[in-house]
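The values are calculated or read from the model by the stated rules, or taken from the named source; none is laboratory data. A quick note: this is a predicted structure, and the numbers were derived from the prediction, not measured. Please note: Cβ atoms are built from the backbone with ideal geometry, for glycine as well, and neighbour counts cover all protein chains shown. Remember, those area values only see protein heavy atoms, side chains included, never the ligands or the DNA or RNA. Shrake-Rupley method; radii C 1.70, N 1.55, O 1.52, S 1.80 Å.
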Amino acid sequence: MPDKLQRFLIDNTNVRGELVQLEQAWQMMQATADYPAPIRKVLGEALTAISLLATTLKFNGSLILQIHATAPVHMLVVQATSDHTVRGLARWNEDIPDNADFQDLFREGRIIISVEPKGGGERYQSIVELQGNSLADSLARYFEQSEQLPTRLWLVADEQKATGLLLQRLPETDSLETNDDNWERALALSSTITDEELLTLEMETILKRLYHEEELRVFEQEEITFKCQCSQQKIEKMVISLGVDEAEDIIAKHGSIDVDCEFCNSHYMINKVDVKRLFSETNTPPTNSIH
Ligand SMILES: [Zn+2]
């Protein structure tokens, strides 16, 4: 069963929402490293958050959420594309105690959210300090401070599943009866959800449980899959950027240029013949361009 994302609207209000449950994608992502439990929790929450947030944007490309800190988790990155694929990883440099909380994991942490349009183009990036004692907290404050639409997230992850709920207050229009009450009411209803419920109940049941008194408009479910964006072509591009001297030097020393993708553990090998081909290709003008 592929993972699903469910969008919904609370009718006659300017409040929209999304619910996502990741099981397959989340487990495939965990398989690439042996994550200590506290890191696994935040990574699962981050994966859920990026899946939800990517759906709110109108763009073709990737949305990336990174947390950079001095220690012990120096980097956590999750990425979602407009094609509904996700990937992510975390790297740490100290032992992580089982009871480490969000603040313990990221000393002097910062969240970087960036949008990468497909095929190049201008990147948009925003950076905020980590605040509060959860990722959802930090993101809520990010939305408060930035000029983005007010947005709240409920995120939870265990070894099996990563689930999240997002509520967003849309800009007010004349046709909608909009007031603070609608938003506050939706927030209050959503806040009654427990981590246990998010992890164990079906999506339909969660929506019924939270919004049975509202008029809910649900859209067709969307599938989310784990898929890496690494490719032989990208690795070859990287080798070209090394320059012919360095590439030949590595081949002379090691026999081949070996690259492992940290996101999916794929292994790429560039040999002597490849290097010859790559650098002769770069010397001749391309007959067609690839985007
Ligand atoms: Zn990969």
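Among the candidates Leu170, Leu176, Leu210, Leu242, the residue that is modelled with pLDDT of 95 or more and either away from the ligand (no atom under 16 Å from the Cβ) or surrounded by 12 or more Cβ atoms within 10 Å (Cβ to Cβ) (or both) is uniquely Leu210.
Within the stretch 149-167, if we keep just the residues that are in contact with a Ser or Thr (Cβ under 9 Å, 6 or more places away or on another chain) and polar (S, T, N, Q), the residue that is modelled with the highest pLDDT turns out to be Thr163.
Rundown of residues vs (1) over 25 Å from Ser266 (Cα atoms); (2) open to solvent by 40 Å² or more (accessible area, probe 1.4 Å), yes/no style:
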| position | (1), (2) |
| --- | --- |
| His74 | no, yes |
| Ala80 | no, no |
| Thr85 | no, no |
| Ala100 | yes, no |
| Gln103 | yes, yes |
| Arg107 | yes, yes |
| Gly121 | yes, yes |
| Gly132 | yes, no |
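Quickly run through the stretch 245-276 and pick out the residues that are within 16 Å of the ligand (Cβ to nearest atom) and on the phi > 0 side of the Ramachandran plot. The one that is within 16 Å of the ligand (Cβ to nearest atom) and on the phi > 0 side of the Ramachandran plot: Asn265. When the stretch 213-231 is limited to residues that are within 16 Å of the ligand (Cβ to nearest atom) and touching a helix residue (DSSP H, G or I) at 6+ places or on another chain (Cβ under 7 Å), the one that is farthest from Met29 (Cα to Cα) turns out to be Thr225.
A quick yes/no check of all residues on (1) within 16 Å of the ligand (Cβ to nearest atom); (2) closer than 29 Å to Glu223 by Cα:
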position: Leu53; (1), (2): no, yes
position: Pro72; (1), (2): no, no
position: Leu76; (1), (2): no, yes
position: Thr85; (1), (2): yes, yes
position: Ala100; (1), (2): no, no
position: Asp104; (1), (2): no, no
position: Gly109; (1), (2): no, no
position: Leu130; (1), (2): no, no
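All conditions in (1) exposed (fewer than 14 other Cβ atoms within 10 Å of the Cβ); (2) more than 16 Å from the ligand (Cβ to nearest atom) hold for Arg91, with the sole exception of (2). Tell me, please, whether a residue that is of a type in the set (S, T, N, Q), closer than 23 Å to Leu19 by Cα and in contact (Cβ under 8 Å) with a residue 40 or more places away in the chain can be found in the stretch 196-210. The answer is no; no qualifying residue exists. Looking only at residues in the stretch 63-78 that are in contact (Cβ under 8 Å) with a residue 40 or more places away in the chain and in contact with a helix residue (DSSP H, G or I) (Cβ under 8 Å, 6 or more places away or on another chain), the one that is farthest from Gln131 (Cα to Cα) is Leu63. The residue pairs whose first member lies in the stretch 250-266 and is within 28 Å of Val77 (Cβ to Cβ) and part of a loop (DSSP other than H, G, I, E, B), whose second member is among the hydroxyl-bearing types (Ser, Thr, Tyr) and within 16 Å of the ligand (Cβ to nearest atom), and whose beta carbons are closer than 8 Å, counting only pairs six or more residues apart or on different chains, are Cys261/Tyr268; Glu262/Thr32; Phe263/Thr32; Cys264/Thr32; Asn265/Thr32.
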